[in-house]
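Data block below; observations after.
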Amino acid sequence: MSEEKYKWVVMIYLAGNNSLSEACVHSLTDMLNTHGSQNVAVFAQLNTGVHENTFLRMRPGMSARDLHEQLKGVLARRRDQQRDETSAYQDEVYDFVNNCIREVGERGTEHLMLIMSGHGSGAASGQFLRSDSKKALSVINLDGLLELINSRLLGGKKVDILGLDSCLMSMTEIAYSAHNDVKVMIGAEGYEPIAGWPYAKILARVNEAGDDVNLLARQIVGDYVDYYRVFQAANVSVDQSACDLSESTTLMEAIKRLSGRLGAWMTEFRNGQTPESAFMRDAVVLAHWEAQLYGQEQYVDLYDFCSLLKSRLMNAPECYRPVISACQNVLNTILGAEQQRAIEGDCWDASLADDEASFRNANGFVLKSCYSGWAVQYSYGVSIYFPWAEIPSELEQYEKLRFSQDSGWGEFLRVYLAATKRAPRNGHTPDTLDFSSVHSSLLNAPFQGAAYHASRVRDAWSNRDAEPNRNAESNRNADPNRHAESDRNADPNKDADPNRSLRSVIGSMRNPPTQFCECDCGNE
């Protein structure tokens with residue numbers, strides 16, 4: 001007689017061959033701090049400076065000593081093997097999932113959860129799970145990876161929950177890349193503490209879970225934020241959300257209408273700077289300025305931005321009504337029309353949304369969004385790439401994403417950033433010097449939000465030998481987080497002092513001119 005199917009199989013890929021080595025080992029030990037279940041199978045794959053793709057079965061009753069002996073045994077067997085620096089992350093994750101499916105065997109499972117833990121930098125850089133060897137899994141490759149897992153390993157069955165234990169991953173762009181192969185995505189809009197997810201609490205939830213995938217996802221979000229609530233005492237702010245990816249296409253369509261209508265106004269402003277188009281441009285800038293920002297101010301909470309923009313236009317002339325409707329479409333789609341109606345109360349007007357059932361009766365993309373701390377209190381569950389200034393290489397990479405192409409958001413960003421870019425100052429030379437292709441590190445340097453400096457979050461910063469230490473310059477004192485890019489203003493120069501010159505590249509100017517005329521200062 002065959003065994004009953006597992007209720008859940010949980011697969012946790014730990015990309016710690018970087019400054020997260022200790023954190024990933026801590027995650028493994030935390031998994032031991034819960035009573036296992038015969039109906040749940042838990043697998044992990046460990047990457048650190050010591051281990052490479054070490055496959056582990058986290059069995060019920062397993063002790064820290066058992067884990068240690070298993071890890072030592074792996075090293076002993078691999079003593080003479082060379083580390084493979086050429087393998088791609090997508091291949092490693094695919095092989096990991098394949099090994100998990102083989103281990104489960106004929107018993108099978110009813111539900112699957114895949115968690116990928118490591119550094120993250122959101123959709124703009126196009127990559128996460130970064131390593132010290134410069135390997136990374138791109139957002140584009142994530143799309144292909146999940147499609148392969150779905151078609152080749154799962155027989156067309158979707159992954160029930162995709163957990164992204166990394167910074168800056170709860171984004172429209174990432175959700176859209178996964179929506180054909182995943183039911184629910186869990187991640188943070190902002191930075192994650194270096195310790196990552198509380199795996200003991202999460203696995204305890206999974207052990208008790210039934211068939212309601214959405215309920216389990218909401219519980220995981222609540223447990224995560226509740227775990228970090230006490231860290232407010234250390235000025236740590238966190239957020240996390242669970243998103244129903246079956247609503248991703250509706251959200252993309254809402255954003256497509258928003259980008260098209262806003263883009264038309266920005267184009268009108270560039271062509272003639274009419275008073276109406278100038279008002280719209282300023283309203284967008286001010287809503288962007290006030291909204292919840294993340295990731296060196298390159299990402300914005302989409303709901304917060306649309307809510308602020310809508311409020312700025314509500315008493316404006318009728319010509320702005322299409323943009324108000326586009327904002328309402330997005331608001332309804334993110335939280336659901338019924339929840340949005342409850343929020344707006346007596347101000348609710350169902351007719352503001354476009355006259356389509358997908359918007360007026362939207363079910364809601366965000367299943368649950370929670371936060372703790374002041375720095376991320378206007379997080380509603382999903383962010384979008386919305387920089388202050390154009391970084392050419394970054395925007396070109398972004399426009400390759402399927403979401404950017406389908407929604408037109410990349411096209412809107414180009415015309416918006418052109419419309420808000422300050423003109424160069426007049427000088428004595430007839431021709432301007434063009435720095436529009438300047439390296440992204442210079443343009444990115446000043447975009448460091450208060451939340452970035454005030455919270456203790458996952459950062460890829462480590463000492464230059466890529467090994468943690470305990471001295472005064474270690475990664476223990478450097479605001480660790482799971483963001484894949486270090487503070488670009490804090491890179492040491494050869495005198496071992498922070499390079500302060502980059503801070504004056506732009507200063508507080510949000511969208512500076514990248515052309516300029518030589519200063520007519522003369523010699524005295």
Revision key, fill the gap. Selection over region 155-203 where residues are of a type in the set (A, V, I, L, M, F, W, C) and either in contact with a Pro (Cβ under 6 Å, 6 or more places away or on another chain) or assigned to a loop (DSSP other than H, G, I, E, B) (or both) yields a count of 7
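What's the total number of residues in region 350-379 that are charged (D, E, K, R) and buried (at least 17 other Cβ atoms within 10 Å of the Cβ)? Show your work before the answer.
As a first pass, look at region 350-379 and keep what is charged (D, E, K, R): 354-356, 360, 368.
With the extra rule that they be buried (at least 17 other Cβ atoms within 10 Å of the Cβ), the set shrinks to 354, 368.
Residues in region 350-379 being charged (D, E, K, R) and buried (at least 17 other Cβ atoms within 10 Å of the Cβ): 2 in total.
Just to check your reading of the model, which residue among Arg218, Arg261 is of a type in the set (Lys, Arg), in the same structural domain as Arg414 (by TED's automatic domain parsing) and at pLDDT 95 or above? Even if it seems obvious, please write down each step before you answer.
Numbers: Arg218 fails: in the same structural domain as Arg414 (by TED's automatic domain parsing).
Every option except Arg261 fails the conditions.
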Practice item. Report yes if Asn332 is surrounded by fewer than 22 Cβ atoms within 10 Å (Cβ to Cβ), closer than 25 Å to Asp160 by Cα and in contact (Cβ under 8 Å) with a residue 24 or more places away in the chain, otherwise no. Key: no
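Can you say whether Ala342 is small (Gly, Ala, Ser) and part of a loop (DSSP other than H, G, I, E, B), as far as the supplied structure shows?
On the way: small (Gly, Ala, Ser): yes; part of a loop (DSSP other than H, G, I, E, B): no.
Spelling it out, it is not the case that Ala342 is small (Gly, Ala, Ser) and part of a loop (DSSP other than H, G, I, E, B).
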Review point. Which ranges mark the helices (runs of 4 or more DSSP H) fully within region 394-447 that have 3 or more residues being within 27 Å of the chain's Cα centre (by Cα) and at pLDDT below 65?
Key: 440-444
Check your understanding: Any idea which of (1) at pLDDT 95 or above; (2) at negative phi is the one Gln377 doesn't satisfy?
Key -> (1)
**Study point:** Failed item, numbered, when Ala204 is tested on (1) crowded, with 24+ Cβ neighbours inside 10 Å; (2) of a type in the set (A, V, I, L, M); (3) touching a Ser or Thr at 6+ places or on another chain (Cβ under 7 Å)
**Key:** (1)
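Among the residues of region 221-232, is any within 19 Å of Ser369 (Cα to Cα), among the small types (Gly, Ala, Ser) and out of contact with any helix residue (DSSP H, G or I) (no Cβ under 9 Å at 6 or more places or on another chain)? Steps first, please.
Here is the first cut: in region 221-232, the residues within 19 Å of Ser369 (Cα to Cα) are 221-232.
Subset that is among the small types (Gly, Ala, Ser): 222.
Now drop any that are not out of contact with any helix residue (DSSP H, G or I) (no Cβ under 9 Å at 6 or more places or on another chain), which leaves 222.
Checked region 221-232: at least one residue is within 19 Å of Ser369 (Cα to Cα), among the small types (Gly, Ala, Ser) and out of contact with any helix residue (DSSP H, G or I) (no Cβ under 9 Å at 6 or more places or on another chain).
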Check your understanding: Mind checking whether some residue in region 185-200 is over 28 Å from Phe386 (Cα atoms), at pLDDT 95 or above and not aliphatic (A, V, I, L, M)?
Key -> yes
Practice item. Return a yes/no flag: does region 24-39 have any residue that is more than 23 Å from Arg205 (Cα to Cα) and among the hydroxyl-bearing types (Ser, Thr, Tyr). Key: no
Review point. Only one of these conditions is not met by Glu147: (1) surrounded by fewer than 21 Cβ atoms within 10 Å (Cβ to Cβ); (2) modelled with pLDDT of 95 or more; (3) farther than 16 Å from Leu245 by Cα. Which number is it?
Key: (3)
Check your understanding: What are the residue pairs meeting all of these: first residue in region 341-356, first residue assigned by TED's automatic domain parsing to the domain that holds Asp304, second residue outside any helix (DSSP H, G or I) and modelled with pLDDT of 95 or more, Cβ atoms under 8 Å, and 6 or more apart or on different chains?
Key -> Arg341/Trp348
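Quick check, is Ser121 modelled with pLDDT under 95, of a type outside the set (Asp, Glu) and within 26 Å of Lys368 (Cα to Cα)?
So Ser121 fits the description; yes.
What are the residues in region 256-296 that are in a loop (DSSP other than H, G, I, E, B), surrounded by 22 or more Cβ atoms within 10 Å (Cβ to Cβ) and touching a Leu at 6+ places or on another chain (Cβ under 7 Å), if any? Outline the logic, then answer.
Of the residues in region 256-296, the ones in a loop (DSSP other than H, G, I, E, B) are 273-274, 291-292, 295-296.
Next, only the ones that are surrounded by 22 or more Cβ atoms within 10 Å (Cβ to Cβ) stay: 292, 295-296.
Matches in region 256-296: Gly295 only.
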Review point. For Val382, are the conditions met, namely being surrounded by 18 or more Cβ atoms within 10 Å (Cβ to Cβ), aliphatic (A, V, I, L, M), at pLDDT 95 or above and over 24 Å from Asp239 (Cα atoms)?
Key: no
**Study point:** Checklist (1) surrounded by fewer than 19 Cβ atoms within 10 Å (Cβ to Cβ); (2) farther than 21 Å from Arg205 by Cα; (3) of a type in the set (Gly, Ala, Ser) applied to Gly61, failing item
**Key:** (2)
Review point. So, in region 92-120, of the ones that are within 21 Å of Gly144 (Cα to Cα) and among the small types (Gly, Ala, Ser), which residue ends up surrounded by the most Cβ atoms within 10 Å (Cβ to Cβ)?
Key: Gly120
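The values are calculated or read from the model by the stated rules, or taken from the named source; none is laboratory data. Keep in mind that this is a model prediction, so the values were computed, not measured. Cβ sites come from the backbone with ideal geometry, for glycine too, and all protein chains shown count toward neighbours.
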